[in-house]
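See structure below.
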Amino acid sequence: MAQATANFVHRHVGWGGGAMPAILMYHSVSPYSRDPYQVTVSPARFRQQMAWLRARGLRGVGVAELLGARARDGAAGLVGLTFDDGYSDFMHYALPVLARYGFAATVFPLAARLGGTNTWDPAGPRKPLMTARQVRQAAEAGMEIGSHGLRHVSLPSASGAALTAELENSRAVLQAASGQPVAGFCYPYGDADMRVVNAVRTAGYSYGCAIWRGEHTSQHALPRTYVGDADSPWRLWAKAIKHRVTWDYAGRTVQHSASPDPAAPPNA
């Protein structure tokens, strides 16, 4: 009986339902020797993490699919998977694993940096970003394409015209590249305030992905759970429980804070 109870808890507590959508935040999946910003997950660890989700009876999906399922009360067993910045290694190391398990995800490329590198990370190392052709290939493979803006800049300090360009021009470029509607926006660095969140909503995006809880938390500023290379299956389970406790058991009393999660990378 004790083992059966443990198996039930291990399988069901945490992601796959609840008051707040469970969305995991990835960046790069690649072999590496140096990762100062903690944005890289090794291919072996990523395979282990996806296998763990599958073993728990969970299926990774893009954010638009997750939110649509929730609107129909059909999101049990679904977890959102997101990949910020649009690193080209997604095509080589993440996409084949997702395809193996029948998973999907949302990729958030930078529209003005397609085919470029992550020059916004001063300490490097330089990582190539998806080309327009790779964006189309990812979309044709069943991935959702969202916008991460044009150049990876912090939006709360952007002027009105610059903010509009980041939101609207990036969507136009990515829709042309992917051949699909771009419904979601992901805030560079996780930086968002009410002006920016309202601008995303006004621009016609169906949802927005942030990182941390805050006073602006909503469908246009969805908090996500950072996943890194240190996240073994037991750490994933702990994060799943934390998600459920935060939103389902303590959701009515928790004081929303904009303070960063110490586990999240410094330049998400």
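The values are calculated or read from the model by the stated rules, or taken from the named source; none is laboratory data. Every value quoted in this text rests on a predicted model; they were computed, and no experiment measured them. We place every Cβ from the backbone using ideal geometry, glycine too, and count neighbours over all the protein chains shown. Note: accessible area is taken over every heavy atom of the protein model, side chains too, but ligands, DNA and RNA are not part of it. Shrake-Rupley method; radii C 1.70, N 1.55, O 1.52, S 1.80 Å.
Here are some notes:
- Separation between Cα centres of the range 15-60 and the range 106-120, rounded to whole Å: 20 Å
- Charged side chains reduced to their Cβ positions (Lys and Arg at +1, Asp and Glu at -1) give the chain a dipole of some 580 debye around its Cα centre.
- The chain, accessible surface, carbon-and-sulfur percent (1.4 angstrom probe): 54 percent
- Fraction of antiparallel bridges per DSSP, the chain only, in percent to nearest 5: 10 percent
- Label zone at R54, where the point sits 7 Å out along the Cα-to-Cβ direction: the range 62-101 residues whose backbone N lies under 11 Å: 97-101
- In the range 37-92, the trypsin sites (Lys or Arg not before Pro) that fall in loop regions by DSSP, at most 12 other Cβ within 10 Å: R72
- Sequence-separation-based contact order of the range 73-172, relative, with Cα cut under 8 Å and 6+ spacing, percent: 29 percent
- Value of relative contact order over the chain, rounded to a whole percent, pairs C-alpha under 8 Å and six or more apart: 21 percent
- Added length on full extension, which subtracts the Cα-Cα distance from 0.36 nm per residue, A132 to Q175: 14.4 nm
- Evaluated with a Cβ-only charge set (Lys, Arg +1; Asp, Glu -1), the range 53-157 carries a dipole of roughly 160 debye about its Cα centre, given to the nearest 20.
- Quotient of C-alpha Rg and 2.2 N^0.38 Å, computed over the range 62-167: 1.18
- In the frame of its principal axes, the chain has Cα extents of 61, 40, 36 Å, reported largest first.
- Only DSSP H runs of four or more residues enter the estimate; each adds -39500 (n - 2.57), and after division by the residues of the chain the mean residue ellipticity at 222 nm equals -9000 deg cm²/dmol.
- Using the average count of surrounding beta-carbon atoms within 10 Å as a protection proxy, the listed peptides 129-142, 156-169 rank, highest first, as 129-142, 156-169.
- Using the 1.4 Å probe convention, the accessible area of the chain works out to 42 Å² per residue with neighbouring protein chains retained.
- The tail of the calculated P(r) for the range 112-214 beyond 21 Å holds 34 percent of all Cα-Cα pairs.
- For the range 11-110: relative contact order, % (alpha-carbon pairs under 8 angstrom, 6 or more apart): 35 percent
- Selected from G228, G190, G77 as most flexible by GNM, with the chain as the system and alpha-carbon contacts under 10 Å: G77
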